[in-house]
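The values are calculated or read from the model by the stated rules, or taken from the named source; none is laboratory data. Bear in mind the structure is a predicted one, so any value in this text is a computation, not a measurement. Cβ sites come from the backbone with ideal geometry, for glycine too, and all protein chains shown count toward neighbours. To get the accessible areas, we keep the full protein, side chains included, count just its heavy atoms, and leave off ligands, DNA and RNA. Shrake-Rupley method; radii C 1.70, N 1.55, O 1.52, S 1.80 Å.
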Amino acid sequence: MGLSTSLNTAILGLNATQVGIGVVSQNVANAGTAGYVRRVVTTSDSLSGQTVGTQTTQVQRLLDKIVQHQLWQESAGAAYTSTRADMLASVDKLYGAPGSSTALDTIYNGFTSALQAFQNDPSSYSLRTSVLDSATQLAGRLNTLSDGVQSLRSQAESGIAAGVNKINDLLGALTTVNARIVGSPNDPALANLKDQRDLILSDLSQYMDIKTSEDARGSTSIVTSGGTQIFDGRPSVVFSFDARSGLSPDDQWSSNPAQRGVGTITMSNTTGGSFDAIANRTFRSGEIAALIEMRDTTLVQAQTQLDEIAVQLASALSDREIAGTAVTAGAATGFDVDLTGLQAGNKVTLDYAVTPGGATQRFTFVRVDSAASLPLPASAGGDANNRVVGIDFSGGPASVAAQMQTALGGGFTVSNTGSVLRIVDDGAAGTRDVKALTARPTATTLSSVGGSAELPFFVDSGASGGVFTGSYDNGSQTLGFAGRIQLNQALVADRSKLVAFEPTTAQGDTTRPKLLLDRLTQSQRAVTNRLGIDGSTATTNVTVSGLVQRVVSTQGQAVEAAKRLDEGQKVALAAIQSRFQETAQVSVDQEMATLIELQNAYAANARIISTVKEMMDVLMRV
């Protein structure tokens, strides 16, 4: 090897070590910078004639792309679980800590305790006042909880709108960075550009679940976990959201735009086509998916549970139970019941058994006064053992009997005599056995001649006339009732009506006080599967007191389950972050060791140059 060859080789070595030292310096300077990925210089041998040297190829980022993709998936999952946990914690705060002075169960127990004391001394003015005060407090608490749930739904709506705008912004920023990466493959700042790109993708993964790929040019493509492409060098779609403000219980999502009361996410592609991203389940993880779930499912169910408590409170104290009279028709047996006084929303229940040996089942017939109200909405509930059917009463008793016959099918005979309904089984055939037939009209007055102990204790502030009957005409009266329930102010004006259901009722009579307490704490109420308490999908019989406790307990369990899920997801995220950082994170100690190696290499190459110079000087003097 000649001196010139040695000199060229040493100079190439110096250049390579200089680049390496610069990269080490950059690594150390950015050791704490978010999104910065450790870099190294890759070198290779160069051959020029008979000269073998070293050439720098490029600066490479050290990362495991498979682990990076897993990291983005876990980030989406962590954003989803964290958002759910935070919002459910807010719901839990609304309910209050069990046993605290503002907790729903505490206020309810205060009401039943006041009724217990009142039952022992119905003539006491102070005890009557205590009952009314505690009832007012309970109704007010339900109003506050309903308003709070709807406020959280509105927050979720605003969060979805902000998230959609952020996604569009991130895709726009990614377009710019991606174009620079593709257009300048030899740019010294290429590693910085890829860091910027990955930061954008990391931010994007907080809002939605994404899968990425990179072609030979370095251009990025993004699809969702559902397979929808949203980016291919530039945005494939544009997201939009028609946000609504001030959500109420009847503002719910529907795939039918005419029935939808909340915003939906629309994806518009470059060809002018568009589709509903919520209906197509485009968002399956990430913050936006969690907000959609909270707005349209979790918080809607929380409102449903509050509404059911309000419904059962009002109905338990106002609905009369008129048991049918046993009748026979040849070999057939059944019951007669008078439907007089039944109002829109009131129910008639038929209990029967499939024989031989069948369990008791139920049909619940609900009065409506317009065929336009049929069929009943899904919120009416019902299951295989309690089928809920709407009956149009506008055509008169004969039409009512015919509709019930159609709903029941074979095994029963339905007829009427005026307002009296008769349902009997199939007699000798023995496939059905009618057990009970009960009408449940709502009491509308506090006191009257021949009046009942039931009374409209709680009323609907939003209904004409105020009486709650559970009507489905012109929309469900049940929906949002927790936000409208209030104490009947006629009781405040005349406290004697807490006792007197007839003009001749003595002020010390215990009939009505006892009914009020027993209906809340002893009588079993049918609760349909729409509540989802304890994960049940069947009709449940429970007291009003038991319902309150189960709703509060279910809410607490949901919060704890969300916390545990979030904690588990955070552990999974931390584990994958640790794996990613093993390669990508800068270690100052490691960089110092590399720097020493580069310094030694630099010194060695410099020594070669110095030696070559000395030898050439000697040659020149010869």
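If E321 satisfies all but one of (1) surrounded by 17 or more Cβ atoms within 10 Å (Cβ to Cβ); (2) in contact with a Lys or Arg (Cβ under 9 Å, 6 or more places away or on another chain); (3) of a type in the set (D, E), what's the number of the condition it fails?
Here E321 meets the rest and fails (1).
Looking at region 447-472, which of its residues are over 15 Å from G341 (Cα atoms) and either without any contact (Cβ under 8 Å) to a residue 24 or more places away in the chain or open to solvent by 20 Å² or more (accessible area, probe 1.4 Å) (or both)?
Answer for region 447-472, where residues must be over 15 Å from G341 (Cα atoms) and either without any contact (Cβ under 8 Å) to a residue 24 or more places away in the chain or open to solvent by 20 Å² or more (accessible area, probe 1.4 Å) (or both): S447, V449, S461, G462, A463, S464, G465, G466, Y472.
T539 versus (1) without any contact (Cβ under 8 Å) to a residue 60 or more places away in the chain; (2) open to solvent by 20 Å² or more (accessible area, probe 1.4 Å); (3) over 23 Å from A97 (Cβ atoms): which is the lone unmet condition?
(1)
Which pairs do you get when a residue that is open to solvent by 20 Å² or more (accessible area, probe 1.4 Å), found in region 477-488, comes within reach of a residue that is of a type in the set (D, E), reach meaning Cβ atoms under 7 angstrom, with the pair 6+ apart or on two chains?
Q477/D460; L479/D250; L479/D307; G483/D147; R484/D460
Scan region 140-155 and give yes if some residue there is of a type in the set (A, V, I, L, M, F, W, C), closer than 17 Å to L487 by Cα, open to solvent by less than 40 Å² (accessible area, probe 1.4 Å) and at pLDDT 95 or above, otherwise no.
Among the residues of region 140-155, at least one is of a type in the set (A, V, I, L, M, F, W, C), closer than 17 Å to L487 by Cα, open to solvent by less than 40 Å² (accessible area, probe 1.4 Å) and at pLDDT 95 or above, which makes the answer yes.
Restricting the search to region 366-379, which residues are in contact with a helix residue (DSSP H, G or I) (Cβ under 6 Å, 6 or more places away or on another chain) and either open to solvent by 60 Å² or more (accessible area, probe 1.4 Å) or at pLDDT 90 or above (or both)?
Within region 366-379, no residue meets the criteria.
Of all residues in region 83-119, how many are modelled with pLDDT under 95 and open to solvent by 50 Å² or more (accessible area, probe 1.4 Å)?
Total meeting the criteria: 7.
Hey, among the residues in region 251-300 that are of a type in the set (D, E, K, R), touching an Asp or Glu at 6+ places or on another chain (Cβ under 9 Å) and within 28 Å of L565 (Cα to Cα), which one's surrounded by the fewest Cβ atoms within 10 Å (Cβ to Cβ)?
The residue in question is R284.
Kindly check whether there is at least one residue in region 336-347 that is in contact with a Pro (Cβ under 8 Å, 6 or more places away or on another chain), closer than 17 Å to A526 by Cα and modelled with pLDDT of 95 or more.
Looking for residues that are in contact with a Pro (Cβ under 8 Å, 6 or more places away or on another chain), closer than 17 Å to A526 by Cα and modelled with pLDDT of 95 or more, one finds at least one in region 336-347, hence yes.
Determine, yes or no, whether Q361 is more than 30 Å from L204 (Cα to Cα), surrounded by 22 or more Cβ atoms within 10 Å (Cβ to Cβ) and modelled with pLDDT under 95.
No: the conditions fail for Q361.
Mind listing whichever residues of region 498-521 are in contact with a helix residue (DSSP H, G or I) (Cβ under 9 Å, 6 or more places away or on another chain) and open to solvent by 50 Å² or more (accessible area, probe 1.4 Å)?
Within region 498-521, Q507, T510, K514 meet the criteria.
I'd like to verify a number: residues in region 380-413 that are open to solvent by less than 20 Å² (accessible area, probe 1.4 Å), touching a Gly at 6+ places or on another chain (Cβ under 9 Å) and within 20 Å of T325 (Cα to Cα), how many?
Number satisfying all stated conditions: 1.
Looking at region 345-358, which of its residues are open to solvent by less than 30 Å² (accessible area, probe 1.4 Å) and either under 12 Å from K435 (Cα atoms) or in contact with a Phe, Trp or Tyr (Cβ under 7 Å, 6 or more places away or on another chain) (or both)?
Correct list: G345, V348, T349, L350, D351, Y352, A353.
What number of residues within region 191-203 satisfy the criterion of being open to solvent by less than 50 Å² (accessible area, probe 1.4 Å) and either outside any helix (DSSP H, G or I) or over 13 Å from N178 (Cβ atoms) (or both)?
Of the residues in that region, 3 qualify.
Mind telling me which of the residues Q524, Q507, Q489 ends up being over 27 Å from T364 (Cβ atoms) and at pLDDT below 95?
Q507
Of the residues in region 225-250, how many are within 30 Å of G462 (Cα to Cα), open to solvent by 80 Å² or more (accessible area, probe 1.4 Å) and among the charged types (D, E, K, R)?
So the count comes out to 2.
Residue-by-condition table, conditions (1) touching a Phe, Trp or Tyr at 6+ places or on another chain (Cβ under 7 Å); (2) farther than 15 Å from I309 by Cα; (3) not basic (K, R):
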site: G427; (1), (2), (3): no, yes, yes
site: V434; (1), (2), (3): yes, yes, yes
site: P456; (1), (2), (3): no, yes, yes
site: T469; (1), (2), (3): no, no, yes
site: R525; (1), (2), (3): no, no, no
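Let me confirm something: among V23, V131, which residue is surrounded by 13 or more Cβ atoms within 10 Å (Cβ to Cβ), at pLDDT below 85 and not in a loop (DSSP other than H, G, I, E, B)?
The conditions single out V23.
I'd like the full set of residues that are hydroxyl-bearing (S, T, Y) and either farther than 15 Å from T220 by Cα or assigned to a helix (DSSP H, G or I) (or both), limited to region 154-190.
Those that are hydroxyl-bearing (S, T, Y) and either farther than 15 Å from T220 by Cα or assigned to a helix (DSSP H, G or I) (or both): S154, S158, T175, T176.
Which of the residues spanning region 414-430 are modelled with pLDDT under 95 and open to solvent by 60 Å² or more (accessible area, probe 1.4 Å)?
Within region 414-430, A428, A429 meet the criteria.
Here are some conditions: (1) without any contact (Cβ under 8 Å) to a residue 40 or more places away in the chain; (2) within 20 Å of K65 (Cα to Cα). D209 meets all but one. Which one does it not meet?
(1)
Pick from region 63-76 the residues that are in a helix (DSSP H, G or I) and of a type in the set (A, V, I, L, M): which of them is modelled with the highest pLDDT?
A76
When E597 is evaluated against the numbered criteria (1) surrounded by 15 or more Cβ atoms within 10 Å (Cβ to Cβ); (2) in a helix (DSSP H, G or I); (3) modelled with pLDDT under 80, which criterion, by number, is the only one it fails?
All conditions are met except number (1).
Kindly list the number of the only condition in (1) of a type in the set (G, A, S); (2) closer than 30 Å to S154 by Cβ; (3) at pLDDT below 80 that fails for A79.
The one condition A79 does not meet is (3).
For region 605-615, how many residues meet the condition of being surrounded by fewer than 14 Cβ atoms within 10 Å (Cβ to Cβ) and modelled with pLDDT under 75?
Here the count works out to 2.
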